[in-house]
Amino acid sequence: MPLVTSTEMFKKAYEGGYAIGAFNVNNMEIIQGITEAAKECNSPVILQVSKGARAYANRTYLVKLVEAAEIETGLPIVLHLDHGDSFETCKSCIDDGFTSVMIDASSKPFEENIAITKQVVDYAHAHGVVVEAELGTLAGVEDEVSVSAEDSSYTRPEDVQEFVQRTGCDSLAIAIGTSHGAYKFKPGTKPQLRFDILEEVQKRLPGFPIVLHGSSSVPQEYVKMVNENGGHMPDAIGVPEDQLRQAAKLAVCKINIDSDLRLAMTGTIRRHFNEHPGDFDPRQYLKPARANIKELVKHKIVDVLGSDNKI
(Lines give C-alpha, C1' and ligand atoms only; values in the text may rest on other atoms or scores of the structure.)
Protein backbone atom coordinates (compact mmCIF):
# COMPACT_ATOMS: atom_id res chain seq x y z
CA MET A 1 0.00 0.00 0.00
CA PRO A 2 1.48 3.39 -0.96
CA LEU A 3 1.51 6.33 1.42
CA VAL A 4 -1.97 7.80 1.73
CA THR A 5 -3.62 11.12 2.55
CA SER A 6 -5.61 11.62 5.73
CA THR A 7 -8.93 12.27 3.96
CA GLU A 8 -10.47 8.83 4.40
CA MET A 9 -8.82 8.34 7.80
CA PHE A 10 -10.40 11.51 9.16
CA LYS A 11 -13.82 10.73 7.70
CA LYS A 12 -13.89 7.38 9.48
CA ALA A 13 -12.45 8.85 12.69
CA TYR A 14 -15.05 11.64 12.80
CA GLU A 15 -17.90 9.23 12.25
CA GLY A 16 -16.46 6.67 14.67
CA GLY A 17 -15.65 9.04 17.53
CA TYR A 18 -11.92 8.33 17.69
CA ALA A 19 -8.70 10.09 16.66
CA ILE A 20 -5.62 9.20 14.64
CA GLY A 21 -2.27 9.52 16.37
CA ALA A 22 0.20 11.86 14.66
CA PHE A 23 3.62 10.93 16.02
CA ASN A 24 6.73 13.00 15.34
CA VAL A 25 9.67 11.06 13.92
CA ASN A 26 13.38 11.85 13.82
CA ASN A 27 15.19 8.57 13.17
CA MET A 28 14.80 4.90 12.28
CA GLU A 29 14.18 3.57 15.80
CA ILE A 30 11.35 6.01 16.47
CA ILE A 31 9.70 5.14 13.15
CA GLN A 32 10.06 1.41 13.86
CA GLY A 33 8.64 1.67 17.37
CA ILE A 34 5.60 3.66 16.22
CA THR A 35 4.75 1.53 13.19
CA GLU A 36 5.35 -1.80 14.95
CA ALA A 37 2.86 -0.67 17.60
CA ALA A 38 0.35 0.46 14.98
CA LYS A 39 0.71 -2.85 13.15
CA GLU A 40 0.03 -4.88 16.30
CA CYS A 41 -2.97 -2.67 17.10
CA ASN A 42 -4.27 -2.70 13.50
CA SER A 43 -4.35 1.09 13.56
CA PRO A 44 -3.87 3.72 10.87
CA VAL A 45 -1.10 6.16 11.73
CA ILE A 46 0.34 9.54 10.80
CA LEU A 47 4.11 9.98 10.86
CA GLN A 48 4.94 13.65 10.97
CA VAL A 49 8.19 15.43 10.35
CA SER A 50 9.12 18.89 11.57
CA LYS A 51 11.39 21.30 9.74
CA GLY A 52 14.00 20.57 12.42
CA ALA A 53 13.72 16.82 11.88
CA ARG A 54 14.28 17.27 8.15
CA ALA A 55 17.41 19.29 8.88
CA TYR A 56 18.67 16.75 11.41
CA ALA A 57 18.01 13.48 9.61
CA ASN A 58 18.19 14.66 5.98
CA ARG A 59 14.99 15.05 3.99
CA THR A 60 15.71 12.07 1.73
CA TYR A 61 16.55 9.67 4.56
CA LEU A 62 13.34 10.41 6.47
CA VAL A 63 11.09 9.92 3.45
CA LYS A 64 12.80 6.63 2.59
CA LEU A 65 12.57 5.40 6.20
CA VAL A 66 8.83 6.09 6.22
CA GLU A 67 8.45 4.35 2.86
CA ALA A 68 10.34 1.36 4.31
CA ALA A 69 7.94 1.28 7.27
CA GLU A 70 5.00 1.22 4.89
CA ILE A 71 6.54 -1.69 2.95
CA GLU A 72 7.28 -3.64 6.14
CA THR A 73 3.88 -3.13 7.79
CA GLY A 74 1.43 -2.65 4.93
CA LEU A 75 -0.29 -0.01 7.07
CA PRO A 76 -2.11 3.05 5.74
CA ILE A 77 0.49 5.69 6.65
CA VAL A 78 0.28 9.44 6.13
CA LEU A 79 3.60 11.30 5.80
CA HIS A 80 2.90 14.76 7.17
CA LEU A 81 4.87 17.98 7.54
CA ASP A 82 4.40 19.39 11.04
CA HIS A 83 4.43 23.19 11.43
CA GLY A 84 5.56 24.20 7.98
CA ASP A 85 6.55 27.84 8.35
CA SER A 86 6.42 28.96 4.72
CA PHE A 87 5.09 28.14 1.28
CA GLU A 88 8.62 27.14 0.26
CA THR A 89 8.94 24.54 3.02
CA CYS A 90 5.53 23.08 2.23
CA LYS A 91 6.29 22.97 -1.50
CA SER A 92 9.59 21.19 -0.85
CA CYS A 93 7.84 18.50 1.17
CA ILE A 94 5.08 18.07 -1.41
CA ASP A 95 7.72 17.69 -4.12
CA ASP A 96 9.53 15.12 -1.93
CA GLY A 97 6.48 12.87 -1.68
CA PHE A 98 4.71 13.97 1.50
CA THR A 99 0.99 13.23 1.36
CA SER A 100 0.00 15.93 3.87
CA VAL A 101 1.45 19.26 4.95
CA MET A 102 0.72 21.76 7.66
CA ILE A 103 1.14 25.44 6.98
CA ASP A 104 1.34 27.28 10.28
CA ALA A 105 0.76 30.98 9.72
CA SER A 106 -1.17 31.29 12.98
CA SER A 107 1.18 33.98 14.28
CA LYS A 108 0.24 36.24 11.36
CA PRO A 109 -2.78 38.55 11.20
CA PHE A 110 -5.99 36.82 10.09
CA GLU A 111 -5.93 38.04 6.47
CA GLU A 112 -2.24 37.17 6.06
CA ASN A 113 -2.84 33.71 7.53
CA ILE A 114 -5.59 33.18 4.97
CA ALA A 115 -3.42 34.35 2.07
CA ILE A 116 -0.44 32.14 2.97
CA THR A 117 -2.63 29.12 3.67
CA LYS A 118 -4.54 29.54 0.39
CA GLN A 119 -1.25 29.64 -1.53
CA VAL A 120 -0.19 26.32 0.02
CA VAL A 121 -3.64 24.77 -0.51
CA ASP A 122 -3.65 25.64 -4.20
CA TYR A 123 -0.27 24.01 -4.78
CA ALA A 124 -0.96 21.00 -2.56
CA HIS A 125 -4.35 20.18 -4.03
CA ALA A 126 -2.93 20.38 -7.54
CA HIS A 127 -0.54 17.60 -6.46
CA GLY A 128 -3.05 15.42 -4.59
CA VAL A 129 -1.82 16.49 -1.14
CA VAL A 130 -3.98 17.61 1.78
CA VAL A 131 -3.36 20.66 3.98
CA GLU A 132 -3.70 21.33 7.70
CA ALA A 133 -3.85 24.95 8.83
CA GLU A 134 -3.97 26.62 12.24
CA LEU A 135 -6.04 29.30 13.97
CA GLY A 136 -5.05 30.40 17.47
CA THR A 137 -1.57 30.02 18.97
CA LEU A 138 -0.37 27.44 21.49
CA ALA A 139 2.12 28.33 24.19
CA GLY A 140 5.32 26.30 24.58
CA VAL A 141 8.49 25.31 22.76
CA GLU A 142 8.95 22.54 20.20
CA ASP A 143 11.68 22.69 17.55
CA GLU A 144 11.26 26.04 15.76
CA VAL A 145 7.91 26.76 17.44
CA SER A 146 8.28 29.02 20.47
CA VAL A 147 5.35 30.98 21.89
CA SER A 148 5.22 32.57 25.34
CA ALA A 149 2.16 32.17 27.53
CA GLU A 150 1.51 35.88 27.10
CA ASP A 151 1.47 35.58 23.31
CA SER A 152 -0.73 32.47 23.14
CA SER A 153 -4.39 32.81 22.26
CA TYR A 154 -7.45 30.59 22.08
CA THR A 155 -9.08 30.03 18.72
CA ARG A 156 -12.07 32.30 18.07
CA PRO A 157 -14.96 30.05 16.92
CA GLU A 158 -16.51 32.94 15.02
CA ASP A 159 -13.48 32.95 12.68
CA VAL A 160 -13.29 29.28 11.72
CA GLN A 161 -15.99 29.06 9.08
CA GLU A 162 -14.71 32.02 7.09
CA PHE A 163 -11.14 30.76 7.39
CA VAL A 164 -11.92 27.26 6.13
CA GLN A 165 -14.14 28.49 3.30
CA ARG A 166 -11.63 31.05 2.04
CA THR A 167 -8.53 28.85 2.30
CA GLY A 168 -9.93 25.46 1.29
CA CYS A 169 -7.82 23.72 3.96
CA ASP A 170 -8.64 20.08 4.74
CA SER A 171 -8.23 20.13 8.54
CA LEU A 172 -7.79 22.81 11.17
CA ALA A 173 -5.57 22.92 14.26
CA ILE A 174 -7.17 24.93 17.05
CA ALA A 175 -5.96 26.23 20.40
CA ILE A 176 -8.11 25.08 23.34
CA GLY A 177 -5.54 24.85 26.11
CA THR A 178 -2.90 22.34 25.05
CA SER A 179 0.77 23.36 25.00
CA HIS A 180 3.89 22.40 23.09
CA GLY A 181 6.79 20.71 24.83
CA ALA A 182 7.20 18.75 28.06
CA TYR A 183 6.92 21.70 30.45
CA LYS A 184 3.19 22.25 30.30
CA PHE A 185 1.46 22.67 33.63
CA LYS A 186 2.86 22.80 37.15
CA PRO A 187 1.91 20.02 39.61
CA GLY A 188 -1.04 21.06 41.72
CA THR A 189 -2.78 22.77 38.82
CA LYS A 190 -5.78 21.28 37.08
CA PRO A 191 -5.36 21.54 33.32
CA GLN A 192 -8.69 21.86 31.60
CA LEU A 193 -9.19 21.94 27.87
CA ARG A 194 -11.74 24.46 26.58
CA PHE A 195 -14.39 22.04 25.37
CA ASP A 196 -16.81 24.93 25.03
CA ILE A 197 -14.60 26.29 22.22
CA LEU A 198 -14.27 22.85 20.61
CA GLU A 199 -18.02 22.27 20.70
CA GLU A 200 -18.73 25.69 19.21
CA VAL A 201 -16.18 25.04 16.42
CA GLN A 202 -17.86 21.71 15.75
CA LYS A 203 -21.24 23.42 15.42
CA ARG A 204 -19.84 25.92 12.95
CA LEU A 205 -17.90 23.28 10.97
CA PRO A 206 -20.03 20.12 11.12
CA GLY A 207 -18.14 17.06 9.93
CA PHE A 208 -14.87 18.97 9.55
CA PRO A 209 -11.73 17.37 11.07
CA ILE A 210 -10.10 19.27 13.94
CA VAL A 211 -6.50 18.80 15.13
CA LEU A 212 -4.95 19.13 18.59
CA HIS A 213 -1.27 20.04 18.85
CA GLY A 214 0.77 19.91 22.06
CA SER A 215 -1.10 16.84 23.33
CA SER A 216 1.63 14.86 25.05
CA SER A 217 0.78 13.72 28.56
CA VAL A 218 4.35 13.74 30.00
CA PRO A 219 4.31 10.19 31.49
CA GLN A 220 5.69 10.43 35.00
CA GLU A 221 7.40 7.06 34.81
CA TYR A 222 9.66 8.41 32.08
CA VAL A 223 10.24 11.73 33.87
CA LYS A 224 11.27 9.68 36.91
CA MET A 225 13.50 7.47 34.76
CA VAL A 226 15.26 10.55 33.37
CA ASN A 227 15.79 12.12 36.79
CA GLU A 228 16.91 8.91 38.49
CA ASN A 229 19.61 8.47 35.86
CA GLY A 230 21.32 11.84 35.82
CA GLY A 231 18.68 14.08 34.27
CA HIS A 232 17.22 17.25 35.72
CA MET A 233 13.69 17.63 34.43
CA PRO A 234 11.54 19.97 36.52
CA ASP A 235 8.21 18.65 37.73
CA ALA A 236 5.49 19.09 35.15
CA ILE A 237 2.30 17.41 34.05
CA GLY A 238 0.84 17.14 30.60
CA VAL A 239 -2.61 17.07 29.06
CA PRO A 240 -4.82 14.63 31.02
CA GLU A 241 -5.51 11.58 28.89
CA ASP A 242 -9.18 11.47 29.85
CA GLN A 243 -9.60 14.92 28.29
CA LEU A 244 -7.89 13.74 25.10
CA ARG A 245 -10.29 10.78 24.98
CA GLN A 246 -13.19 13.20 25.33
CA ALA A 247 -11.82 15.39 22.51
CA ALA A 248 -11.50 12.35 20.25
CA LYS A 249 -15.19 11.59 20.73
CA LEU A 250 -16.02 15.06 19.39
CA ALA A 251 -14.57 16.69 16.27
CA VAL A 252 -10.87 16.01 16.96
CA CYS A 253 -9.61 13.53 14.36
CA LYS A 254 -5.84 14.03 14.77
CA ILE A 255 -3.91 14.26 18.05
CA ASN A 256 -0.21 15.17 17.92
CA ILE A 257 2.27 13.40 20.21
CA ASP A 258 5.98 14.20 20.37
CA SER A 259 7.35 14.95 23.85
CA ASP A 260 6.15 11.60 25.24
CA LEU A 261 8.22 9.81 22.59
CA ARG A 262 11.30 11.85 23.43
CA LEU A 263 10.91 11.10 27.13
CA ALA A 264 10.50 7.37 26.50
CA MET A 265 13.64 7.26 24.37
CA THR A 266 15.80 9.54 26.51
CA GLY A 267 14.79 7.96 29.82
CA THR A 268 15.53 4.47 28.53
CA ILE A 269 18.94 5.44 27.16
CA ARG A 270 19.89 7.24 30.39
CA ARG A 271 18.93 4.19 32.43
CA HIS A 272 20.87 1.89 30.12
CA PHE A 273 24.08 3.88 30.51
CA ASN A 274 23.60 4.12 34.25
CA GLU A 275 23.32 0.33 34.41
CA HIS A 276 25.94 -0.35 31.72
CA PRO A 277 28.43 2.55 31.86
CA GLY A 278 30.99 0.77 29.69
CA ASP A 279 28.62 -0.01 26.81
CA PHE A 280 29.46 1.61 23.49
CA ASP A 281 27.27 -0.41 21.09
CA PRO A 282 24.38 1.78 19.89
CA ARG A 283 22.27 -1.31 19.27
CA GLN A 284 22.33 -2.16 22.96
CA TYR A 285 20.73 1.11 24.07
CA LEU A 286 18.60 1.90 21.03
CA LYS A 287 16.87 -1.50 21.10
CA PRO A 288 15.24 -1.01 24.54
CA ALA A 289 14.50 2.63 23.65
CA ARG A 290 12.63 1.45 20.56
CA ALA A 291 10.76 -1.13 22.65
CA ASN A 292 9.58 1.52 25.13
CA ILE A 293 8.43 3.79 22.31
CA LYS A 294 6.44 0.86 20.95
CA GLU A 295 4.74 0.23 24.31
CA LEU A 296 3.96 3.93 24.74
CA VAL A 297 2.39 4.16 21.28
CA LYS A 298 0.31 1.02 21.88
CA HIS A 299 -1.03 2.63 25.05
CA LYS A 300 -1.91 5.83 23.19
CA ILE A 301 -3.63 3.97 20.36
CA VAL A 302 -5.71 1.68 22.56
CA ASP A 303 -6.35 3.71 25.72
CA VAL A 304 -6.39 7.31 24.48
CA LEU A 305 -7.04 7.58 20.74
CA GLY A 306 -9.32 4.58 20.28
CA SER A 307 -7.92 3.91 16.80
CA ASP A 308 -7.10 0.23 17.34
CA ASN A 309 -8.75 -2.21 14.94
CA LYS A 310 -9.88 0.64 12.67
CA ILE A 311 -8.24 -0.53 9.44
Phi angles of the range 22-32, converted by Karplus (6.51 cos²θ - 1.76 cosθ + 1.60, θ = phi - 60°) into ³J(HN,Hα) in whole Hz with x for Gly and Pro, give 10, 9, 6, 10, 10, 7, 5, 5, 5, 4, 5
Between the helical axis of 7-16 and the dominant principal axis of the chain, each derived from Cα atoms, what acute angle in degrees is found, rounded to the nearest 10?
-> 90
Per residue accessible area in Å² of the chain, where ligands, DNA and RNA are left out and the probe is 1.4 Å = 43
First compute the accessible area of the range 207-300 with a 1.4 Å probe, then give the percent of it belonging to carbon and sulfur atoms.
-> 52
Residues whose built amide H sits under 5 Å from the amide H of A105, excluding neighbours closer than 5 in sequence, are E134
Can you tell me the 0 to 90 degree angle between the C-alpha axis of helix 195-204 and the longest principal axis of the chain, rounded to 10?
-> 40
Mean shadow area of the range 160-291, taken as a quarter of the surface of its Cα convex hull (nm²) = 9.8
Which whole-Hz couplings ³J(HN,Hα) result when phi for each residue of the range 70-76 is put into the Karplus expression 6.51 cos²θ - 1.76 cosθ + 1.60, θ = phi - 60°, listed in order with x for Gly and Pro?
-> 5, 5, 5, 9, x, 6, x
Report ³J(HN,Hα) in whole Hz for each residue of the range 215-232, in order, from the Karplus equation J = 6.51 cos²θ - 1.76 cosθ + 1.60 where θ = phi - 60°; Gly and Pro get x.
-> 10, 5, 9, 6, x, 5, 5, 7, 4, 4, 4, 4, 6, 6, 10, x, x, 9
How much accessible area does S259 have with a 1.4 Å probe, in Å² rounded to the nearest 10?
-> 10
What angle, in degrees between 0 and 90 and rounded to the nearest 10, separates the Cα long axis of helix 282-299 from the longest principal axis of the Cα atoms of the chain?
-> 50
Between their Cα atoms, which of K39/K294; K64/K287; K12/K298; K12/K118; K12/K310 are more than 18 Å away from each other?
-> K64/K287; K12/K298; K12/K118
What residues qualify as long-range amide H neighbours of N26, i.e. H under 5 Å apart, gap of 5 or more or another chain, H built at 1.01 Å from N?
-> I31
Computed over the chain: relative contact order in percent, which uses C-alpha pairs under 8 Å that are six or more apart | 23
Output the Kirkwood hydrodynamic radius of the chain, Cα pairs only, in Å rounded to one decimal.
-> 19.4
Can you give the helix-only mean residue ellipticity at 222 nm for the chain, where every DSSP H stretch with n ≥ 4 adds -39500 (n - 2.57) and the sum goes over all residues, rounded to the nearest 500 deg cm²/dmol?
-> -14500 deg cm²/dmol
Counting only protein heavy atoms with a 1.4 Å probe and every protein chain in place, the carbon and sulfur fraction of the accessible surface of the range 1-135 in whole percent equals 54
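The values are calculated or read from the model by the stated rules, or taken from the named source; none is laboratory data. Values in this document were obtained by computation on a predicted structure and should not be read as measured data. Keep in mind that these areas ignore ligands, DNA and RNA; they rest on the heavy atoms of the full protein, side chains included. Shrake-Rupley method; radii C 1.70, N 1.55, O 1.52, S 1.80 Å.
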